[in-house]
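Encoded as structure tokens, the structure appears first; notes follow it.
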Amino acid sequence: MTVTRLEPVTKTKYKVYLDGQFAFILYKGELSRYHIAVDGELNEEAYQSIRTEVVLKRAKLRAMHLLSDMGRTESQLRTKLEQGGYASDIVEAAIAYVKSFGYVNDMEYACSFIESRKDKKSRKEIYAALCQKGITKEEIEKAFEECYESDDSRAAIEAIIRKKKFDPETADYAERQKIAGYLMRKGFRYEDVRQVIQVSEWNA
């Protein structure tokens with residue numbers, strides 16, 4: 001393999017291109033250690049050594065650091081590693097490594113996410129947020145089953161109307177309609193909204 005290009009990423013890091021294709025990112029010292037220079041040759045043994053002993057090791061450490069910084073889904077972690085310039089197989093190996101220790105668990109993430117928001121967000125809003133984080137629909141549904149009690153949605157509605165200083169006892173019909181429309185647009189079920197704000201006259 002021929003080193004066809006060295007592209008600076010920072011003052012100390014470079015993208016290495018082999019035979020015209022991006023291969024990996026190395027630091028200056030690593031370029032020297034493996035005698036990597038433009039138009040130079042890199043044999044297969046050195047190439048595999050760099051990938052396993054340098055790049056993969058770095059990807060694993062990066063994954064651990066990202067997870068210690070904040071909880072992440074598998075999809076979020078994959079995106080961050082890809083943005084770091086790691087090849088797809090290196091990314092998957094790093095993810096498998098942290099998963100083997102239980103550091104990435106989308107079901108646990110989903111349950112924690114739901115528990116921290118179910119008293120102020122609708123199921124629809126939470127579902128959409130978890131989808132955006134790359135959690136599968138099957139895992140989200142399972143997490144909902146584990147985390148939701150029958151009255152959790154009503155508790156969330158009550159929290160929202162308290163925050164908005166809405167009093168069902170003193171509100172007139174128009175005010176009730178307005179808050180009900182707001183709640184249903186946020187994804188709460190009609191029946192839960194009706195029970196909380198007592199709009200029995202809706203059916204009149």
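Figures for the structure shown
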{"item": "Condition met for Thr170 (over 30 Å from Gln198 (Cα atoms), surrounded by fewer than 17 Cβ atoms within 10 Å (Cβ to Cβ), polar (S, T, N, Q) and not assigned by TED's automatic domain parsing to the domain that holds Gln21)", "result": "no"}
{"item": "Which listed residue is free of Cβ contacts under 8 Å to residues at least 24 places away in the same chain and part of a loop (DSSP other than H, G, I, E, B), from Gly102, Gly187", "result": "Gly102"}
{"item": "Output for the stretch 132-144, where each listed residue is without any contact (Cβ under 8 Å) to a residue 24 or more places away in the chain and either closer than 18 Å to Leu77 by Cβ or in the same structural domain as Val196 (by TED's automatic domain parsing) (or both)", "result": "Gln132"}
{"item": "Cβ-Cβ under 7 Å pairs, at least 6 apart or on other chains, the stretch 106-131 side more than 19 Å from Gln76 (Cβ to Cβ) and not assigned by TED's automatic domain parsing to the domain that holds Ser75, far side at pLDDT 85 or above and buried (at least 20 other Cβ atoms within 10 Å of the Cβ)", "result": "Lys118/Ile126"}
{"item": "Residue satisfying condition, being farther than 30 Å from Tyr103 by Cα, touching a residue at least 12 places away in the same chain (Cβ under 8 Å) and not charged (D, E, K, R), within set Leu56, Leu18, Leu26", "result": "Leu18"}
{"item": "Condition met for Glu108 (surrounded by fewer than 17 Cβ atoms within 10 Å (Cβ to Cβ), farther than 16 Å from Ala23 by Cβ and out of contact with any Gly (no Cβ under 6 Å at 6 or more places or on another chain))", "result": "yes"}
{"item": "Residue within the stretch 90-100 that is at pLDDT 90 or above, under 30 Å from Thr2 (Cα atoms) and out of contact with any Leu (no Cβ under 8 Å at 6 or more places or on another chain) present", "result": "yes"}
{"item": "Exclusive hit being at pLDDT 90 or above, surrounded by 15 or more Cβ atoms within 10 Å (Cβ to Cβ) and among the aliphatic types (A, V, I, L, M), set Ile114, Ile135", "result": "Ile135"}
{"item": "Set Ala155, Ala143: member being of a type in the set (A, V, I, L, M), part of a helix (DSSP H, G or I) and within 28 Å of Met64 (Cβ to Cβ)", "result": "Ala143"}
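The values are calculated or read from the model by the stated rules, or taken from the named source; none is laboratory data. In this text the structure is predicted, and so the values were computed from the model without any measurement. FYI the Cβ positions are ideal-geometry reconstructions off the backbone, even for glycines, and counts take in every protein chain you see.
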